[in-house]
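The values are calculated or read from the model by the stated rules, or taken from the named source; none is laboratory data. It should be emphasised that the depicted structure is a prediction, and the values quoted were computed from it without experimental measurement. Here the Cβ positions follow ideal geometry from the backbone for every residue, glycine too, while neighbour counts run over all protein chains shown.
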Amino acid sequence: MLNKLLGTQKQEDVDCTVTIVNTFESLEAHVRFNDGTTVNPGDEVVVHGRPIEVPYGETQSFERRATVKRAGAVERLWTRATGDFEFMELCEFSFSQGALRPGALAEEYTS
C-alpha cells in the first residue's frame, strides 16, 4: 500500500516516433508512442538515442526507444495540484500606470 502511495516507480520501455519541426512559422517537438501508451500527470519520459538536430526550414521524424516512468498516487496528486503554479512561473507580466506615449520605449533604449 505504501509503495503505491509513495510511487515505487514502474517503468516501461516503448517504441516511439519523434517529430521535430524547425521552420520560420514553428519550432516543435512531438513524441508519439507507437503502441498507444499514454502519459499521465507526474510521469516521466526519457527518449533514448543520439541527440537530434534538424536543419532550419525542415521537418523530420525519427524512430526511437523511450522509457516511461510512472508516478505514484501522491506524486500524481501533487503534480495536478501544483502544475498551474509552475506554468505561471514561465509567464512574465509587466504592469505600468497609464498609457505609454508613442516612441517612449524607443527613447528609453537610445538614451
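Checking each residue in segment 21-31 for being in a strand (DSSP E or B) and surrounded by fewer than 13 Cβ atoms within 10 Å (Cβ to Cβ) picks out 27, 28, 29, 30. Within segment 5-25, being at pLDDT below 90 and either of a type in the set (A, V, I, L, M, F, W, C) or under 16 Å from the mean Cα position of the chain (by Cα) (or both) holds for 5, 6.
Could you look through segment 51-79, keep only residues that are out of contact with any strand residue (DSSP E or B) (no Cβ under 9 Å at 6 or more places or on another chain) and of a type outside the set (A, V, I, L, M), and pick out the one that is surrounded by the fewest Cβ atoms within 10 Å (Cβ to Cβ)?
So the residue we want is 51.
Quick one: would you say residue 39 is aliphatic (A, V, I, L, M) and part of a strand (DSSP E or B)? Outline the logic, then answer.
Numbers: aliphatic (A, V, I, L, M): yes; part of a strand (DSSP E or B): no.
Taking the combined requirement at face value, the residue does not satisfy it.
Within segment 11-41, how many residues turn out to be among the hydroxyl-bearing types (Ser, Thr, Tyr), closer than 17 Å to residue 60 by Cα and touching a strand residue (DSSP E or B) at 6+ places or on another chain (Cβ under 8 Å)?
3
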